[in-house]
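The values are calculated or read from the model by the stated rules, or taken from the named source; none is laboratory data. Bear in mind that the values here come from a model prediction, so they are computed numbers and not experimental data. Here the Cβ positions follow ideal geometry from the backbone for every residue, glycine too, while neighbour counts run over all protein chains shown.
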């Protein structure tokens, strides 16, 4: 019974760790913290499975765990003003992008995202970047599916606006 | 920004996919995840073959089977079974669920769940003491312990929600003390093992410690429970203390005094069995500390100052419970695995200067093995935990070959002096003093309770509360 499920789970890690890392990075703007949270999210997901419990949508589950870890992280940190559960700092994120070829473009997108509200940013990244549907997003962010759908629609419109404004400049 | 203009916003935002973990970071994280997976394998339960037919039967027939088994005495025989034994399935899947069937209130179910967790811990310890604890069984047992601890805590929350503050506090305090004390004991057993068993035992000890420190399972539940963790109220002790009524304080006083009384009685009956007097001194010290904390609590109650009284009682309960566990575990390990403190001392290779110094100093009155200082330090919950390992293994873990020899000599001298007197005089003056102190405290509690018209006055300090029964069985 040695290494039961190990290969499969590592394959899940290989496939989704970048996405989970992005999520954590967008919420903390700190590379090391994002790495730690990512690792912890996978570790806890494994523990959950090792306890004999079932998970339907593994990717969404890891994201949910990561999201909760992010919340816990801010609860513990208390450095940021009450109620704030996120720190999106485009400069800090962009600074960490050394190895990316299309750096200029990515930086542009990050700055555009910075002009949106956090909730909009969340749904947009989860949907357009990570490919989650409204129901999955609602599970991850613990909101109603309806709310997510409406927000997604509006956030897209706002993003278009922001991008247009950028281009007009 | 040329690309931006040409693309739709969707395509633009997809650029973010280029943000990835650096390859070396990703590989590093992967290998530590891999290590974690290897160390925390889901294990197929060794009792699965026995379990599955029983599980498929349903509850009614389960009870029928149980009655039949009881008649045959199998159920009783199964009580000592360990993972891997043929009767283990009966112990875990027949005897224990039956206890749950009879738990009608959250408080009794919390007790029951704690009791089951304690039984799994005892199995861990027995296997570790025999040096036959393997990783698969250990993981299985620790995950069972975790499960039952969490169930117990959930029940304690219910107790707390019902306004039974003292009941919730004592349940949580004892659960916490159980986990911490056993974690220390396992830690000591780990040192007395070697090779893989040592690592396995140490890792089990660590898991118990972590479980104790979780205090509430809040973090885990918010981090792991999909899709939407229910908002949880903070459990037990922390929350309970915010509103302390005289009535709840008196109830806790009664419970704590009962616990001390039971621990004292247990200690008395096994006094002669302690061949290592440091272990014995350690337990005695815990009992004395408990009595002192109770005394302080009664002082506070006299001044109608209930908050510190409550805190001191919690402390006293921790000490008393811990003493109880050490006495019980010492006895249990000797019975189930034949491991005595002397065996561990003789076989042990690990040295500890603390012990050697103590042995050389000839000063046994102040057992340096117990650090909480009753005179100066204010009582604090985790004070004991770090030092309690004391004694069971007392020193299981703690002797070089040479100091082992010293100790034997030492023990022999003690036995000689011991045999000069009868039962009553075998105790040292300090021990008798401690005994008196504890008895005085218990008397004082009785007076206080009857003066304060405690609601449970009629059953003043019954010799055995239901809580004790679970523990002492």
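Taking the criterion of being within 20 Å of residue A:113 (Cβ to Cβ) and either facing another protein chain (nearest Cβ under 8 Å) or assigned to a helix (DSSP H, G or I) (or both), the residues of the range A:22-37 that qualify are A:22, A:23, A:24, A:25, A:26, A:27, A:28, A:31, A:33, A:34, A:37.
Among residues belonging to the range B:127-157 that are away from chain A (no Cβ under 14 Å) and under 15 Å from the mean Cα position of the chain (by Cα), point out the one that is surrounded by the most Cβ atoms within 10 Å (Cβ to Cβ). Walk me through how you get there before you give the answer.
Step one: of the range B:127-157, the residues away from chain A (no Cβ under 14 Å) are B:127-133, B:152-157.
Retained after the next criterion (residues that are under 15 Å from the mean Cα position of the chain (by Cα)): B:152-153.
Numbers: B:152: 26, B:153: 24.
By that ranking, first place goes to B:152.
Using the structure shown, decide if residue B:160 is buried (at least 24 other Cβ atoms within 10 Å of the Cβ), in contact (Cβ under 8 Å) with a residue 24 or more places away in the chain and part of a helix (DSSP H, G or I). Answer is yes for this residue. Among the residues of the range B:18-33, those that are surrounded by fewer than 16 Cβ atoms within 10 Å (Cβ to Cβ) and either more than 7 Å from chain A (Cβ to nearest Cβ) or part of a helix (DSSP H, G or I) (or both) comprise B:23, B:24, B:27, B:28, B:31, B:32. Restricting the range A:50-61 to residues that are in contact (Cβ under 8 Å) with a residue 40 or more places away in the chain and more than 10 Å from every other protein chain (Cβ to nearest Cβ) leaves a set whose member that is nearest to residue B:142 (Cα to Cα) is A:58. Would you mention how many residues in the range A:137-165 are within 9 Å of chain B (Cβ to nearest Cβ), closer than 20 Å to residue A:110 by Cα and touching a helix residue (DSSP H, G or I) at 6+ places or on another chain (Cβ under 6 Å)? Count: 4.
Looking at B:45, B:9, B:61 in this structure, which one is within 14 Å of another protein chain (Cβ to nearest Cβ), modelled with pLDDT under 75 and more than 30 Å from residue A:92 (Cα to Cα)?
Details: B:9 fails: more than 30 Å from residue A:92 (Cα to Cα); B:61 fails: within 14 Å of another protein chain (Cβ to nearest Cβ).
After ruling out the rest, the residue left standing is B:45.
Every residue, every condition in (1) modelled with pLDDT of 85 or more; (2) farther than 20 Å from residue A:44 by Cβ; (3) not assigned by TED's automatic domain parsing to the domain that holds residue A:36, yes or no:
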residue	(1), (2), (3)
A:80	no, yes, no
A:97	no, yes, yes
A:113	yes, yes, yes
A:141	yes, no, yes
A:145	yes, yes, yes
A:166	no, yes, yes
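Note on the range B:214-328: enclosed helices (runs of 4 or more DSSP H) holding 3 or more residues that are at pLDDT 70 or above, away from chain A (no Cβ under 14 Å) and under 20 Å from residue B:165 (Cβ atoms) are B:246-269, B:277-302. Screening residue A:134 against (1) closer than 24 Å to residue A:16 by Cβ; (2) in contact with a helix residue (DSSP H, G or I) (Cβ under 6 Å, 6 or more places away or on another chain); (3) at the interface with another protein chain (Cβ under 9 Å from one of its Cβ atoms) leaves a single unmet condition, (3).
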